[in-house]
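Here's the structure, in structure tokens; my notes come after.
The values are calculated or read from the model by the stated rules, or taken from the named source; none is laboratory data. Everything numeric here is computed off the predicted structure, so don't read it as measured data. So basically every Cβ, Gly included, is an ideal-geometry build from the backbone, and we count neighbours across all protein chains shown. Areas reflect the complete protein model, heavy atoms only, side chains present, ligands, DNA and RNA absent. Shrake-Rupley method; radii C 1.70, N 1.55, O 1.52, S 1.80 Å.
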Amino acid sequence: MRGVWRWRHNPLRRRTDRVEAWVALAAALLVAFGATTAGWLAGRATQGTLLATVRIQHQQRHLQWVTVDRLVSRTPLDPDPETSSQRDAHRRVVARWTGRDGTAHMGQLAAPRPVETGERFRIWTDGRGRVVPRPMDASTAGTHAVLAGLGTTAGVGMMIEGARRLIVWLLMVRRFRRWDEAWERAGQDWGRAGAGS
């Protein structure tokens, strides 16, 4: 800022220089205050929405016990025992469970650990007994809200910086045009001996 302040009294200062300095100051303030405020508001709105989703999912999803009826014997596509397809192949089972509404269900599931026939484990189901993913928890919602706020802050900051660069580019085009006009007025023989200048 001291350099900009000293520059205002320089006789070589052009109007475009002053405009560029003010644009840089405005962009810095907008990034510092506007982008962070936009990020905070976006994060707060996202957190409110996600916490409502957490409440709804916890009301609509329920843990149910399932009993392993049989193991699914399928040959994995990848014969390497270190890959996920080989490790998960022994975790696919056909299991039975009763939905919250009392209906009996049977289906193929991925067990959370290696199991044997007759063993039990828990799964998440909806009100009709259909298998659903586990509900989101509040800490995950908070993490997503923080990421949304940071993303918004970065996006708004990049838009402000992009606008600043566009304005500076337009100012440079204007400066070059004015220099060309000044050279045209000076003429082709400016500076030559005996040219009358």
With all protein chains modelled, accessible area of Leu170 [1.4 Å, Å²]
90 Å²
Trp179 versus Arg165: modelled label distance in nm, points set 7 Å from Cα along the beta carbon direction:
2.1 nm
Calculate the spin-label point distance for Gln60 paired with His105, positioning each point 7 Å from the Cα along the beta-carbon direction, and give it in nanometres.
1.4 nm
When the convex hull of the C-alpha atoms of the range 86-155 is computed, what volume per residue in Å³ does it have?
143 Å³
Shape call, the range 137-188: gyration tensor on alpha carbons, a/c limit 1.5:
prolate
